[in-house]
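Some notes on the structure that comes next.
Where a number appears in this text, it was derived from the coordinates with a stated rule and is not lab data. Every value quoted in this text rests on a predicted model; they were computed, and no experiment measured them. Neighbour counts run over all protein chains shown; Cβ positions are idealised from the backbone, glycine included.
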Amino acid sequence: MARTLAFLHYLPAFEAVSRHESVRGAAEELNLSPSAVSLQMKKLSDATGIKLFEKNGRNLTLTRAGSDFAQAVMVSLGQIETATRAAKDGGSSGQLDALTVSVPTALGVAWLSATTVEFAEMRGIPNLTIKEAVAAIDVDWDTCDIAVVYDNPPFAGYYWRSLSEVRLRTVCSPILFPRLDLQHRERKLNGLTLLHEDDGREWTNWAIAARVSLEGSARVRVTSVAQAIASAVQGRGMALVSDVLTRTYLAEGRLIQPFATSINAGRAYYILCREERSREPVLESFVDHIIDQLRSR
């Protein structure tokens, strides 16, 4: 039976918080920010269904269930540490001294680069390089260990897993909302600039689905969807992008989605590496980490 213990990478932080009875103390020990440690504790509690701590002034006290869990975690981590030392002595630690990851620019800016840095910190990888590429063919496979791409399979010679399908929705700054004509039967964008990275076909498909006229709208084509999002945030036009890229801006109120209509993008997000490296422990762990982070967003 396959095990779904996607929370395992939060256990070192949990063990440190348990010893220090303090998020700050654990953060200093692990060279992480207190907010990063707090987030790991929340995700661990959500994933296990266990209320781990109770506040006691400035300190944290383990609940009874949390204390039982902490004892099991300490025993397990001790066994893992012993096994790791033994494997190192045998010359097969499975640890990388360096990791090079390729990510699409927009997804990296949105959250993937920060998540990759978090993974390297948790795994004790001292040298991390993050490169940029959108399609699999653009990845520098001579130097990259693994890549997240916005593309379509098949990827011959590579192991790959689907991360997320992409549905495109319109986003713009709240300051542009009064300019939209949404009351009449034939809705119009009233000359708002359309921001896009393709040849404009996606905007045409969306307009048909939404029954919205694009007449009178200027078009700005950019080389990266990250530029389209940045321009939309600054009130310079309307972008047609995935929620995966704009979730933070929407939550902060810096972007809005004025139309409910969405369309399928022509591509989706995948994570891939060379077939012969797909069973390497660090790369397997990285795949699981990215999938876990994406599902929690």
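Things worth noting here:
- The range 8-89: radius of gyration and largest Cα-Cα distance (Dmax), Å: 13.0, 45
- Per-q log10 I(q)/I(0), the range 148-271, q = 0.14, 0.22, 0.23 Å⁻¹ (Debye; single scatterer per alpha-carbon; no solvent): -0.60, -1.33, -1.44
- Helices in the chain, meaning DSSP H runs of at least 4 residues, each add -39500 (n - 2.57). Divided by all residues, the mean residue ellipticity at 222 nm is -12000 deg cm²/dmol.
- Residue-count net charge about ILE137 - beta-carbon cut-off 13 Å; Lys, Arg +1, Asp, Glu -1: -2
- Whole-number Å³ per residue for the convex hull built on Cα positions in the range 1-50: 73 Å³
- Its residue count N sets the reference 2.2 N^0.38 Å, and the alpha-carbon radius of gyration of the range 236-286 equals 1.74 times that reference.
- Once the gyration tensor of the Cα atoms in the range 201-260 is diagonalised, the equivalent ellipsoid follows with semi-axes of 19, 14, 11 Å, ordered largest first.
- Whole-number D in µm² s⁻¹ for the range 100-208, Kirkwood Cα-pair radius fed into Stokes-Einstein, 4 °C, 1.567 mPa s: 75 µm²/s
- Pair SER213, GLU252: separation of 7 Å Cα→Cβ label points (nm): 3.6 nm
- Pair-distance distribution P(r) for the chain, from all Cα-Cα distances in 10 Å bins starting at 0: 6, 23, 26, 22, 15, 7, 1, 0 percent.
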